[in-house]
Amino acid sequence: MSEHEITLTVNGEKHELRVEARTLLVEALREELGYTGANVGCETGRCGACTVRVDGDALKSCTRFAVQADGAEIETVEGLSEEGELSGLQASFKRNHGLQCGFCTPGMLLTAGTFLEDAEDPSRAEIREAIEGNLCRCTGYHNIVDAVEQVATDGGGESL
Amino acid sequence: MSDAAEGGGVGEPDDAEGVFGSGVERREDIPLLTGEGDYTADVSRPGMAHLAIRRSDHAHARIVDIDTSEAEAMEGVAAVYTGEDVVDSGVPNSIPTAWMLPGLVTPQYRILATDKVRHEGSGVAAVVAESPQRARDALDRIDVEYEELDQVTEPVEAVEKDVPPVHEEAEDNVAFDFELGDEEAVEEAFADADHVASVDLRQPRIVPNAMEPRAAVAEWEDRTEKLRVWMTSQNPHLHRMLLSAGTLGVPENRIEVIAPEVGGGFGSKIYHYPDEAVTAWCSMQLGRPVKWRASRQEGYVTDCHGRDHDTTAEIALDDDGTVRGVRAETHAGLGAQLSQFGTATPSYLYATVLSGQYTVPAIHCRVVGAFTNTTPVDAYRGAGRAEGIYVIERLMDVGARAVGMDPAEFRRKNLVQPEEFPYESAAALVYDSGEYERAMDKALEHVGYEDLRERQERLREEGRYLGIGVANFVESAGLSPSGLAGDLGSQAGGWESSIVRFDSTGTLTVMAGTADQGQGHRTTYAQIAAEELGVDLEDIEVIEGDTDRIPQGMGTYGSRSASVGGGAIARAAREVRSKAREIAEHQLEASSEDVVFDDGTFHIEGAPDRSLHIQEIAHEAYLGHDLPEGMDPGLEETNFYDPENFTYPFGTHVAVVEVDPETGETSIEEYVAVDDCGEVINPMIVEGQVHGGIAQGIGAALYEGAAYGDDGTLETRRMDEYAVPHATQLPDFETDNTVTPSPHNPLGVKGVGESATIAAAPAVVSAVVDALEPFDIEHLDMPITPETVWRALGGAE
Ligand code: FES
Ligand code: FES
C-alpha cells in the first residue's frame, strides 16, 4: 500500500503525517491525529456526522481522502470553543436543547456555523435546507433550527 | 413543555428550591458540544487490535466450508476465527431470550454461526488485525462455501407456506402462538353489535438507525483474569450478566461493562448481540485489547429491527357509536433468532394496550410469532405499545366512518372517564391515572379543530385535500413490576437501583443503574436529588454507565428511567434524609416534632437560628463523634425500587396534512402534541423527548420501512435507500402538556421516552387517510410514500 507524506493544519496546529492513499480524511483526523470530535455515522457521505471545515468550506470528511486535503486548513469541533468558552452557536445549542446524544452535533455545528457566515436573516425553511445533509435521529431538528435561528437573529457575532 | 417551560425558568437556578420542574440546561452538553465526549469508537487502549466480522450475504444457507488460510497469512492479521473455534474454546456461547412464553421454541443462538446462516448479516468468521482497514481487507480473503436454501422473510408466508424451516426445532416456523383476552365475550359482543368494521394492516420493519453505530472495545487482562468492555449499551448491567451467564462464562464479578457516551439507542442498544461477545472472546484469546465498530451497512443487517406486524383487526359498534369489542389477529416476524425481548414485544407489550384510551368491554388478540430469514426483531421505541395503539387508533377511524361520526367525537364518546381510575381494561392492564378528555380538548383547541373541518370542506371544493388526524394514546411505561413481569414470563427483574451518598465534605454523589443515550439523566437525576435533599445542583455528581462504579442496575428502555430509576433515587434520598434528620435531632437536642426540614436545613420550629444544614450533617455522619446512640456512621443509602404497577403516560397528537392527489405527495402543515407524562422533572428535556419521538413516528408513517428483496437480502441497506428523515422532511412541532401525576410513583412521574413515537404514526396515517376520504380510501399502509398514494388512487391502472 503506497504511503504519502502530507501536512494538515488542524485548528491552527500543523501536523505532518504519513497516510495510505486510501485513508479517508476522517480516519486521518480521528485515528492518526486523535481529533475524535468528528464522528463516523455512515462513511458514505449520507449522515454528516463527520463534517469538518476544509479551507473554510463545510465538508463531510468521509468523502475525501486524506491526501486530497494535503496542505489544507481544517477546522474541527475541537477548535470551536476558546479556552473553555463555548462559541455563540454552541451556547445556543445548549440553551435551546439542540442536542441529545450529541453524535450528530459536531457535524451540525460545523455545517450550521458555515451557513451562518453568509446567511442574512434566514427563514426556518432555509435553515432546514442548510442542515439537510446532517441527520439527527434524536431531536427531530426543531430545537436545532431554534438554536441556529437564535444566533442568526441575535446576530450572535462569530457563530463558529 | 411549552406551558410548564414558561412557568419554570431556564438556566441553572442558584439554589435547590424550585429545581425540580424547571428547564435546567443539561450538564451533559459541554463535552458533547466541544468534541471532548468519548463514544465507544473514541476509546483507544495500548496495544489494541481491530476486529472485523465476515457476515453472510445469503438469507439462508448451509455452511459447507470456511477457508481462512489466505486471510491468516496476510501481513498485519493477528488471527482469524470461525464459529467452530468458539465452540472448541468451551465458552457457553449462547445468547438467551429474556422472556419465555407458553410453548416457546428457543433455538440455539451462537455468537458465530456454525451449521447454517439464517439471515443476511449473520456472522460466520472474525478477523483481528493491526488496523481496522487491514481487518476489513482480510475479510475478503476468507473463502466461505455455502449451499443455498430457500428462504422466507414475511411472517405470514413463513407459517403458512411450505418453506424450509429457519430452525429444525420449529418445523412450521412458529415460535409461539399467543392469546390474550376473552374470546367468548368478544364473539358475543360482535354477534350483538350493530356494526362491525375491520382493517387489514401491515406495520413494516423499522431500522432503528441510532446515529452512532454499535461498537465495543474489550480488554482481557490475563494477570487478573478480568474482562473490561466498553460498549454502546442502554443497560451495562444486563450486558454484564448476559456476557457472563450467556456467552462467555467469565464470572460476573470479573466483568466490567462501561457505557461511555452513547449516541442514541431507541431500543437497538438494549440487546446482547453476538458482536460484543465476539470482540470480548477475541480479546480473551489474544490477551490484548480488541475493538470492533459496526459500519452503517452492518448496522442495517444486524441491529435488531422493530415492528414487522401483519394484522387483521375488527371493531364492534352500536349505532350510537359505543364500542362493544375489539379483536385482532397478528403475525409478528421475529427474525432468524430470538433476541432478548423479541418475544415480549409482540405479545404482552402489544396485546395489552389494545383498549387504548377507550372503554372496550371485550378484547381478544392472537399473535403468531414467526421465525423468518431476517435480522432479529426486537423492541424499537414504543415497542409493542406503538403497534397496539396503531391498531386501536386505525380501528377508531374505520369505526367512526362505519357509524358516520366525526372521528374526534367518536373517540371522545368512548374515552375512559377520570373517575374510573384505576381502570382495569379488558386487556389485562390497570391504568393508574388519566384525564384523557382534558388532553384531547387541549390538542383540538391548539389546531382549532372545528374551523379546520370547515376549511377542509372549502378546500375540497377547490380540489385540495386537507386531512386531520387525531390520535389518542396511552401506554404501559416504566418497565416493570418484577413480580408481574415474572408471572408473564420475564427472565429478568424490573426494579431499578440507586445509591445516594453524601461525601464527608458535604458533596453528594448519586449512582444510577440506568444508562443514558441522550436523555440527559445526569441533569434530571441531579434535579431529583436537589429537590429531595436541598443541595445545590453544583454539589451533586451523577454517575451512570459503569458496572464497577454502580453495583446494580437494569438499564434504560421502556420509558423507565425517570419513573423507575428516578423513583429509586428519590427513595434512597428520602432514606438519607431520614438518617440525617435523626442526627440533626440528636445534635440540636430536639424532638422529632420540633425539627423541620426546609431547603436542605434542619431547624427548630420557631427558632431558625438553631439549625444544621444537611451538608454539615454529612460531615458529622462521617466524623462519627457525636451520633445518636447505636447509629452507624456514614450517610449513604442504596435503594432497589420495584414499582407496584406500570405507569401510564397518555395524550393526544393531531396532525394536519395536505395530500396532492396528482403527485401523491403529503406535506405536514401542522403538528400538535399534547402529552401527559405525570409530573415533569425538566420541561425542556421532556419537550426534546417529545420532538424526537414525533420525528420517529412521522418517519415510520411517511418515509421509513425496510424491505427485503426476492433473494431474502435487505433492499434498503443504506441511508439513501432507507429514509431516516432529514430536516426538510419534518415540520416544526407544537407541544403542550397536562399533568396527571402517577399515584403510585414516588415522584408522580410517568415517563415520556416513547410516547410521541407511539402517537405520531397513527396521527399522521389518520390524517392522510382523512384527506383522501373523498376517494373512499379507508386505510393505507406505512410508509405512505407518494407512490403509495398514487397507487391507492388508481395511478397504476
Ligand atoms: S460519516 Fe461521513 S457523512 Fe456519514
Ligand atoms: S443528538 Fe443524537 S443524533 Fe442528533
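The values are calculated or read from the model by the stated rules, or taken from the named source; none is laboratory data. Because the structure is a prediction, the values reported are computed rather than measured. Cβ: placed from backbone, ideal geometry, glycine included. Neighbour counts: every protein chain shown. Quick note on the areas: whole protein, heavy atoms, side chains included, nothing else; ligands and nucleic acids left out. Shrake-Rupley method; radii C 1.70, N 1.55, O 1.52, S 1.80 Å.
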Legend entry - Index of the failed condition, residue B:743 passing every other in (1) at the interface with chain A (Cβ under 9 Å from one of its Cβ atoms); (2) surrounded by fewer than 21 Cβ atoms within 10 Å (Cβ to Cβ); (3) over 22 Å from residue B:376 (Cα atoms): (1)
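Examine the stretch B:525-534 for a residue that is modelled with pLDDT of 95 or more, of a type in the set (D, E, K, R), surrounded by 21 or more Cβ atoms within 10 Å (Cβ to Cβ) and outside the structural domain of residue B:258 (by TED's automatic domain parsing), and state whether such a residue exists.
Among the residues of the stretch B:525-534, at least one is modelled with pLDDT of 95 or more, of a type in the set (D, E, K, R), surrounded by 21 or more Cβ atoms within 10 Å (Cβ to Cβ) and outside the structural domain of residue B:258 (by TED's automatic domain parsing), which makes the answer yes.
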Inset, instruction - Please work out which residue is surrounded by the fewest Cβ atoms within 10 Å (Cβ to Cβ), limiting yourself to the stretch A:64-89 and to residues that are at pLDDT below 95 and not hydroxyl-bearing (Ser, Thr, Tyr). - result: A:83
Legend entry - Of all residues in the stretch A:134-150 being of a type in the set (S, T, N, Q) and within 9 Å of ligand 2 (Cβ to nearest atom), the one that is nearest to the other protein chains (Cβ to nearest Cβ): A:139
Inset, instruction - Report whether or not residue B:720 is among the acidic types (Asp, Glu), open to solvent by 10 Å² or more (accessible area, probe 1.4 Å) and away from chain A (no Cβ under 14 Å). - result: no
Legend entry - For residue B:264: the one exception among (1) in a loop (DSSP other than H, G, I, E, B); (2) more than 16 Å from ligand 1 (Cβ to nearest atom): (2)
Legend entry - Selection within the stretch B:565-598 - in a helix (DSSP H, G or I) and of a type in the set (D, E, K, R): B:571, B:574, B:575, B:577, B:579, B:581, B:582, B:585, B:593, B:594
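A quick yes/no check of all residues on (1) touching a residue at least 60 places away in the same chain (Cβ under 8 Å); (2) within 16 Å of ligand 1 (Cβ to nearest atom):
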| position | (1), (2) |
| --- | --- |
| B:188 | yes, no |
| B:213 | yes, yes |
| B:226 | no, no |
| B:246 | yes, no |
Inset, instruction - Just name the residue that is nearest to the other protein chains (Cβ to nearest Cβ) out of those in the stretch A:93-119 that are more than 15 Å from ligand 2 (Cβ to nearest atom) and touching a Leu at 6+ places or on another chain (Cβ under 9 Å). - result: A:113
Inset, instruction - Mind checking which strands (runs of 3 or more DSSP E) fall wholly inside the stretch B:450-548 and carry at least 1 residues that are of a type in the set (S, T, N, Q)? - result: B:465-474, B:496-502, B:508-512
Inset, instruction - Tell me, please, whether a residue that is in contact (Cβ under 8 Å) with a residue 24 or more places away in the chain and surrounded by fewer than 17 Cβ atoms within 10 Å (Cβ to Cβ) can be found in the stretch B:121-129. - result: no
Inset, instruction - Just name the residue that is surrounded by the fewest Cβ atoms within 10 Å (Cβ to Cβ) out of those in the stretch A:27-46 that are within 16 Å of ligand 2 (Cβ to nearest atom) and farther than 18 Å from residue B:132 by Cβ. - result: A:46
Inset, instruction - Test residue B:780 against the criterion of being in contact with a Phe, Trp or Tyr (Cβ under 7 Å, 6 or more places away or on another chain) and surrounded by fewer than 24 Cβ atoms within 10 Å (Cβ to Cβ), and give yes or no. - result: no
Inset, instruction - Look through the stretch A:47-63, keep the residues that are within 16 Å of ligand 2 (Cβ to nearest atom) and among the small types (Gly, Ala, Ser), and return whichever of them is surrounded by the fewest Cβ atoms within 10 Å (Cβ to Cβ). - result: A:48
Inset, instruction - Return the residue satisfying two criteria in turn: it lies in the stretch B:329-356 and is open to solvent by less than 10 Å² (accessible area, probe 1.4 Å) and in a strand (DSSP E or B), and of such residues it is farthest from residue B:372 (Cα to Cα). - result: B:330
Legend entry - Residue satisfying all of: in the stretch A:115-129; assigned to a helix (DSSP H, G or I) and either within 19 Å of residue B:733 (Cα to Cα) or touching an Asp or Glu at 6+ places or on another chain (Cβ under 7 Å) (or both); most open to solvent (accessible area, probe 1.4 Å) among these: A:129
Inset, instruction - At least 3 residues that are more than 30 Å from the chain's Cα centre (by Cα) and more than 14 Å from chain A (Cβ to nearest Cβ) in each: list the helices (runs of 4 or more DSSP H) lying fully within the stretch B:103-213 that qualify. - result: B:183-192
Inset, instruction - Please list, ordered by first then second residue, the pairs with beta carbon atoms under 9 Å, 6 or more apart or interchain, first in the stretch A:39-58 and part of a strand (DSSP E or B), second open to solvent by 10 Å² or more (accessible area, probe 1.4 Å) and within 7 Å of ligand 1 (Cβ to nearest atom). - result: A:51/A:60; A:52/A:60
Inset, instruction - Identify the residue in the stretch B:494-520 that is open to solvent by 10 Å² or more (accessible area, probe 1.4 Å) and either aromatic (Phe, Trp, Tyr) or touching a helix residue (DSSP H, G or I) at 6+ places or on another chain (Cβ under 6 Å) (or both) and, among all such residues, is farthest from the other protein chains (Cβ to nearest Cβ). - result: B:504
Legend entry - Selected residue [over 26 Å from residue B:340 (Cα atoms) and not basic (Lys, Arg)] from B:537, B:488, B:484: B:537
